[in-house]
Amino acid sequence: MYFHMSLEITLENASKLMYEIDSKMNEISIPGDIRHRVFFGLLHLSLEHFGSIVLLSKNRQFASAAALLRPQYEATMRGLYFHECASKHEISAFTNGKDPLSLKKMIDALENSEISKKGTFSNFYQNNKQFMHGFTHGGLEQIGRRYTNSDLTNSFKENEVKSFVANAQLIACLSVCCASIVSGKEDLALEFLGKYGNIKILSS
């Protein structure tokens, strides 16, 4: 559905989601234990990345926006991992500055958890990992989109922008729904699913 919309409409819809998230997330209460504080902190970070992706894209700073898709996704996956899978020792080590497991190992653990249906987390990662890695770390995906035939300029295709913005919306909705359910606001999760549950994974 997203490829039939103009870029302007796609970004306007993403902006509406961003503002609705800002409004609705004020209804969520956060438990004080360390597992929940890590969980909600990481999802909050992920949602901030989403808002930045939207604002940067509206300002046509597409490379910087695309570079945030992996951090947005990784913050959500880390949050879910620490809530669902991590031991108390892992959480303590993380909050004391030790590096956590790799993203791939977290995704594998989540796939084997009670919250996963087969492929829930790994499909997105497999479809988008090259794009996310290349844009975050300044790979050929970034360099190749800084030239036209004769000029050094922003040369993103419209469908590429619509694709990563749609994927950012998908991650944001996952974050909101998970945060809502954990805080006992299942009605809020259902509200977001009813409005935005038709967002599809788009391969970049």
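Here, each number is a calculation from the coordinates, and none is a lab measurement. It should be emphasised that the depicted structure is a prediction, and the values quoted were computed from it without experimental measurement. Don't worry about glycine lacking a Cβ; one is built from the backbone with ideal geometry, like all the others, and counts go over all protein chains shown.
Here are the numbers:
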item: Kyte-Doolittle mean at least 0.5, axial Cα span of 18 Å or more - DSSP H helices of the chain; result: 34-58, 158-182
item: Proxy reagent accessibility, fewest Cβ within 10 Å first, across Val54, Val161; result: Val161, Val54
item: Loop-exposed trypsin sites (Lys or Arg not before Pro) per DSSP, neighbour cap 14 Cβ within 10 angstrom, longest uninterrupted part of the chain; result: 1-59
item: Label-point separation, Lys16 to Ser102 (7 Å along Cα→Cβ), nm; result: 4.1
item: Among the listed pairs Lys58/Lys195; Lys162/Lys185; Lys16/Lys185; Lys129/Lys157; Lys105/Lys162, those beyond 24 Å (Cα-Cα); result: Lys162/Lys185; Lys105/Lys162
item: The range 29-121: GluC sites (Glu not before Pro) in DSSP coil with no more than 16 other Cβ atoms inside 10 Å; result: Glu114
item: Reachable lysines, given that their alpha-carbon falls under 16 Å from the alpha-carbon of Lys88 and they are not under 8 places away in the same chain; result: Lys98
item: Extension gain, Lys195 back to Thr148 (0.36 nm per residue minus Cα-Cα distance, nm); result: 13.1 nm
item: In Å, descending, principal axis extents of the Cα set of the chain; result: 56, 35, 30
item: Relative contact order (%) - the range 2-196, alpha-carbon pairs under 8 angstrom, separation at least six; result: 29
item: Only Lys, Arg (+1) and Asp, Glu (-1) charged, at Cβ; the range 2-196 dipole about Cα centre in debye; result: 380
